[in-house]
1. Report the local net charge at Asn88: Lys and Arg +1, Asp and Glu -1, summed over other residues whose C-beta lies under 12 Å from its C-beta.
2. Name the residue from Ser96, Trp47, Val73 whose Cα lies farthest towards the positive end of the charge dipole of region 34-112, charges +1 on Cβ of Lys and Arg and -1 on Cβ of Asp and Glu.
3. Which residues' amide hydrogens lie under 5 Å from the amide hydrogen of Gly124, considering only partners 5 or more residues apart or on another chain, with H built in the peptide plane?
4. With a sphere of radius 12 Å drawn around the Cβ of Val76, what net charge do the other residues whose Cβ falls strictly inside it have (Lys, Arg +1; Asp, Glu -1)?
5. At 7 Å along the Cα-to-beta-carbon direction for both Val62 and Arg97, put a label point, then send me their distance in nm to one decimal.
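Readers should treat all values here as calculations from the given coordinates under stated rules, not as data from a laboratory. Worth saying up front: this structure is predicted, and the values here are computed from it rather than measured. Cβ coordinates were reconstructed from backbone atoms using ideal geometry, including for glycine residues, and neighbour counts include every protein chain displayed.
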Amino acid sequence: MDGFCRACRPRLGLVTCADCEGGGVLSRAGYARSNPVSLNRIVGSKWTAMERTFGWRHYRAVSCKREGTASFVELVSTCDPSVRFFVNSANLKDRSRWLCGWLEREELRAPEAAGGGSCRACSGSGSVKCPGCAGKVVNI
């Protein structure tokens, strides 16, 4: 036995970074791979559409409704309050369509926006210390 826990034994005290999923690079805008969509806290949140939607990109969530197993979020354009529509919350989790927060045009077009830049959690290595043994030798 090498002395590390079962979770990290093949990697000698390291596990795959959960933020970048081992790639060392975050997705667009430098966030974790999935958009944080909590229906309990979504009202008031800000969203940027990757493609112009009804002529605009920046929206604010104003309400939420559930129909069966699906849930929908009402978005209102920040520049034109008459532009209102409902979007399935599953679509908001798709980073190729929506980004949490408001991004400027330069941030959307920047090279690091396509890849998101280096992951801060693992410093770009794709691995972090095992939380079970903190990378130290343990007795199993």
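1. Details: positive: Lys65, Arg66, Lys93, Arg97; negative: Glu67, Glu74, Asp94.
So the environment of Asn88 carries a net charge of +1.
2. Checking the options against the dipole of region 34-112, the answer is Val73.
3. HN-HN under 5 Å from Gly124: Cys119.
4. Values: positive: Lys46, Arg60, Arg84; negative: Glu74, Asp80.
Value of the local net charge: +1.
5. 2.1
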